[in-house]
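First the structure, in the form of structure tokens, and then the observations on it.
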Amino acid sequence: MSGQISFDDGAAYERYMGQWSQLVGDAFLGWLAPPPGLHWLDVGCGNGAFTELIVARCAPESVTGIDPSEAQLAFARTRPATRAAQFRLGHATALSFPDATFDAAVMPLVIVFVPDPATGVSEMVRVVRAGGLVAAYMWAPDDGSPYAALQEAVRALGSVVPVPPSPEASRMDALRDLWRAAGLEAVETRAITVQRTFEDFDDYWMTILGGASVGPALAAMAPGQLTQLKAKIRTSRPADAAGRISYSALANAVTGRVPGPRAGRGVLPGEARAGR
């Protein structure tokens, strides 16, 4: 792995990736169609971007978010919609909860950052009750990420862009295999495409300057390199007549259920889609 990605600025993450995550998360929750009243665990909750969606859309009984960054959690606690949620420090591969604590565990835009994805999935399975939901979404490999073209342009100029420890885990077949290997049932996958609009090029440029994956590389560039990069990005991200920049990104999503009889919490995730 080249370099290291650190998510320690909740506000910068919100602008750089949190808004993208909510765009995908909204479609993701629409696909899952979970019943109300569930106890949720948001693994790698970061600055609470997806946690906020759970509260707003799913009428949860409770929501708990864990993340290894206290700075990200501090930002998450400032979101008005997440005041009823609990946030604590934690790691995906060693969840500090008893078995069968939750009805649903989700991992939004996290799995490639987990050094051992299989253990992370197994931990989610362990803490979810029989019949409960275990799900995740992650940017598709290659050009699925909203900043894939930017990262390639930065590398082309000789700068280092950190690579997450488990990039292969973002492949659709890899997600499916991880879920099945963890013993989950009714495993389903889905590709989700979303589009985001920036007000103008300056809005886009200020957004990427705070990005955990490319921000440090941009800050270290010589002025001439930075000017060259900006010109290249302007060409690859043309504005519309109003000056706005819009483009799409692709995420892979997966869901499955913990084996065993459910505990009477209404329709199981996936049952409404299957017409059961």
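The values are calculated or read from the model by the stated rules, or taken from the named source; none is laboratory data. Quick caveat, the model's predicted, so the values are computed rather than measured. Every residue, glycine as well, gets a Cβ built from its backbone with ideal geometry; the counts of neighbours run over all protein chains shown.
Odds and ends about this structure:
- Residues that are among the β-branched types (Val, Ile, Thr), in a strand (DSSP E or B) and surrounded by 15 or more Cβ atoms within 10 Å (Cβ to Cβ) occur at least once in the stretch 130-151.
- Qualifying positions in the stretch 74-107 - part of a helix (DSSP H, G or I) and more than 24 Å from residue 27 (Cα to Cα): 74
- When the stretch 187-225 is filtered for residues that are of a type in the set (A, V, I, L, M), closer than 30 Å to residue 255 by Cβ and either more than 20 Å from the chain's Cα centre (by Cα) or surrounded by fewer than 18 Cβ atoms within 10 Å (Cβ to Cβ) (or both), the ones remaining, listed by number, are 191, 212.
- Matching entry among 90, 44 (being buried (at least 24 other Cβ atoms within 10 Å of the Cβ) and within 18 Å of the chain's Cα centre (by Cα)): 44
- Within the stretch 53-74, tally of residues that are more than 13 Å from residue 109 (Cβ to Cβ) and surrounded by 24 or more Cβ atoms within 10 Å (Cβ to Cβ): 3
- In the stretch 93-107, the residues that are out of contact with any helix residue (DSSP H, G or I) (no Cβ under 7 Å at 6 or more places or on another chain), among the small types (Gly, Ala, Ser) and surrounded by 20 or more Cβ atoms within 10 Å (Cβ to Cβ): 104
- Qualifying positions in the stretch 173-203 - over 21 Å from residue 25 (Cα atoms) and either free of Cβ contacts under 8 Å to residues at least 60 places away in the same chain or hydroxyl-bearing (Ser, Thr, Tyr) (or both): 177, 199, 200, 201, 202, 203
- Pairing residues of the stretch 65-76 that are of a type in the set (Gly, Ala, Ser) with residues that are assigned to a strand (DSSP E or B) and surrounded by fewer than 21 Cβ atoms within 10 Å (Cβ to Cβ), at Cβ distances under 9 Å and at least 6 apart in sequence or on separate chains, gives 65/86; 65/88; 69/89.
- In the stretch 233-249, the residues that are touching a residue at least 24 places away in the same chain (Cβ under 8 Å) reach residues that are of a type in the set (Asp, Glu) with C-beta atoms within less than 8 angstrom, at least six apart or across chains, in these pairs: 239/200; 243/199; 243/200; 244/199; 244/200; 245/200; 245/203; 246/240.
- Annotation for the stretch 138-159: no member residue is at pLDDT 95 or above, among the aromatic types (Phe, Trp, Tyr) and more than 30 Å from residue 231 (Cβ to Cβ).
- Pairing each residue of the stretch 134-147 that is free of Cβ contacts under 8 Å to residues at least 40 places away in the same chain with any residue that is outside any loop (DSSP other than H, G, I, E, B) and buried (at least 23 other Cβ atoms within 10 Å of the Cβ), provided the two are 6+ apart or on different chains, yields C-beta distances under 6 Å for 141/170.
- Test: residue in the stretch 108-123 that is assigned to a strand (DSSP E or B), touching a helix residue (DSSP H, G or I) at 6+ places or on another chain (Cβ under 8 Å) and in contact (Cβ under 8 Å) with a residue 12 or more places away in the chain: yes
- Where a residue in the stretch 21-37 is touching a residue at least 24 places away in the same chain (Cβ under 8 Å) and its partner, wherever it lies, is of a type in the set (D, E, K, R), with Cβ under 7 Å and at least six apart: 23/196; 29/57; 31/190; 33/273; 35/265; 37/61; 37/265
- Restricting attention to the stretch 7-44, the residues that are within 20 Å of residue 194 (Cα to Cα) and of a type outside the set (Val, Ile, Thr) add up to 20.
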